[in-house]
Amino acid sequence: QTKDKAHFQLVLDKTPFYGESGGQVGDKGILIAGSEKIAVWDTKKENDLILHMINQLPDPIDQPLQAKVDTVKRMATENNHSATHLLHAALRAVLGEHVQQRGSLVNDKMLRFDFSHFTKMTATEISAVEHIVNSKIRSNISREVKEDVPLAEAKAMGATALFGEKYGNKVRVVCFDPQATGQIGLFKIVGESSIASGVRRIEAITAQQAENLVETRFDQLDRVSQLLKHPADTYKAVELLLTERNAMQKDLEQLRHGQVQKLKAELLGQVKSVDGVNRLIAQVNLPTAQALKDLSFELRNQLPSLFAVLAANIVGKPQIAVVISEGLIKDRGWNAGKIVRALAQSISGGGGGQPFFAVAGGKNLDGLPTVVKEASQLFEELVSGNKKNS
């Protein structure tokens, strides 16, 4: 309805054009006016009226319409809505009567349920809740609906009020434990978390979404089993594989550490004392960037008044590390960050850092010899400049 358009009549197709979702999500579908089909992308309830969200009005406006609901979406939403009630009851059975709903979201893809509880649910508790809900689903319990039940009588029956809902003197009672629950098919919790103090959140899926998840997980497990040559116990096979990998990783780290220590000993033999400075400029091969950093700091801690430039080949990738002792920074004003940025141009890269330590990476591995040459020239200029200034 608009200011310049009259009311138009709806000829409903079997069911009202709004869902069983507690008002949390509207239906989608189409309005059919003769040969014209108009998409309804949402419905909302306002003051006991169902508003249909469309992008155009039928022409003419006063012709009979047929409203067709997207039944696939509606049924998926109904499944999640029904599962929310079963979940609420299961949580109270597993965790205690203190569990109360604190919010929810239901749509055709998933359900979200917020509830009062002060501790993280254990894997055992989550499994127990899933077991109860799926047991009720398999029982295919018929839903019993009682209209216009006095509120006091509903409470006496054990009805649980929903968070955020306002109730009059008479209410509608839905009983799932004396739509049939079987159409839900399968219920699976996919997330449990804290959203506030004393409030937990469960995210879950049902029906086709749950079936898709199970198929995906089984497919992943099957592919892992194939990679492991179909062991009798896939979990134990993976556990053994990880144990072996960790052991190999420790052996590899020890081997790398030994290589770095051997390289450090060689580099210490290349150190030259120039004008009170321990100068070390060299091209090296190292397994990782962390190894380059560790070697740089070990040299800095072992050698006083150190000026070091390491042009490193890190498994085919060029990196540069510049190390300068604190005394040289304070007394001579040298800065590792400025130096590494200048040298990085030779490897088509960039970098930076602090005055005492800076690194750079690049793309041109063939530029490492140039870095060594330019670092040597730069060191001579720095020393000469300090001599002139003094």
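The values are calculated or read from the model by the stated rules, or taken from the named source; none is laboratory data. The shown structure was predicted, so the numbers you read here are calculated from the model rather than taken from an experiment. As a convention, Cβ positions derive from the backbone with ideal geometry for all residues, glycine included, and neighbour counts pool all protein chains shown. Side chains are part of the model used for accessible areas, which takes the heavy atoms of the whole protein and leaves out ligands, DNA and RNA. Shrake-Rupley method; radii C 1.70, N 1.55, O 1.52, S 1.80 Å.
Against the conditions (1) among the hydroxyl-bearing types (Ser, Thr, Tyr); (2) over 22 Å from the mean Cα position of the chain (by Cα); (3) at pLDDT 80 or above, THR216 satisfies every one except (2).
Residues that are open to solvent by less than 30 Å² (accessible area, probe 1.4 Å) and within 22 Å of THR370 (Cα to Cα): list the strands (runs of 3 or more DSSP E) wholly contained in segment 255-342 that include at least 2 such residues. Can you show your working first?
On the way: elements: 272-274, 277-286, 306-314, 317-324.
Passing ranges, in order: 277-286, 306-314, 317-324.
Among the residues that make up segment 183-193, is at least one of them part of a helix (DSSP H, G or I), on the phi > 0 side of the Ramachandran plot and modelled with pLDDT of 90 or more? Checking segment 183-193: not a single residue is part of a helix (DSSP H, G or I), on the phi > 0 side of the Ramachandran plot and modelled with pLDDT of 90 or more.
Is at least one residue of segment 156-164 modelled with pLDDT of 95 or more, out of contact with any Gly (no Cβ under 7 Å at 6 or more places or on another chain) and open to solvent by 80 Å² or more (accessible area, probe 1.4 Å)?
Applying the first criterion (modelled with pLDDT of 95 or more) to segment 156-164 yields none.
Checked segment 156-164: no residue is modelled with pLDDT of 95 or more, out of contact with any Gly (no Cβ under 7 Å at 6 or more places or on another chain) and open to solvent by 80 Å² or more (accessible area, probe 1.4 Å).
Being over 18 Å from PHE357 (Cα atoms) and under 42 Å from the mean Cα position of the chain (by Cα) is true for just one of GLY316, GLY269, GLY276. Which residue is that? Working first, answer last.
On the way: GLY269 fails: under 42 Å from the mean Cα position of the chain (by Cα); GLY276 fails: under 42 Å from the mean Cα position of the chain (by Cα).
After ruling out the rest, the residue left standing is GLY316.
Looking at ASP27, ASP13, which one is open to solvent by less than 30 Å² (accessible area, probe 1.4 Å) and modelled with pLDDT under 85?
Numbers: ASP13 fails: open to solvent by less than 30 Å² (accessible area, probe 1.4 Å).
Among ASP27, ASP13, only ASP27 is open to solvent by less than 30 Å² (accessible area, probe 1.4 Å) and modelled with pLDDT under 85.
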